[in-house]
Amino acid sequence: MTDEAADEATGEPRYEPAPSVGKLFLWVLLFIVAAVVVVLGGIYFT
């Protein structure tokens with residue numbers, strides 16, 4: 001995902017977040033996606 005796409009989604013001005021913040025956000029996003037996949041998978045396979 002490019003910076004331009006992220007800015008259009010949030011509507012916030014362009015800025016470079018700290019690398020640690022960006023990595024933390026990616027881990028949180030990955031965790032949320034994994035949780036959604038598990039929930040949807042559990043519903044689908046039952």
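Values computed for the structure shown
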read-out	value
Hits in the range 19-29 - residues which are modelled with pLDDT of 75 or more and open to solvent by 100 Å² or more (accessible area, probe 1.4 Å)	Lys23, Leu24, Phe25, Leu26, Trp27
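Okay, residues lined up against (1) open to solvent by less than 100 Å² (accessible area, probe 1.4 Å); (2) modelled with pLDDT of 85 or more:
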residue	(1), (2)
Glu4	yes, no
Glu8	no, no
Glu12	yes, no
Pro17	yes, no
Val39	yes, yes
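The values are calculated or read from the model by the stated rules, or taken from the named source; none is laboratory data. These figures come from a predicted structure and were not determined experimentally. SASA here: full protein model, heavy atoms, side chains in, ligands and nucleic acids out. Shrake-Rupley method; radii C 1.70, N 1.55, O 1.52, S 1.80 Å.
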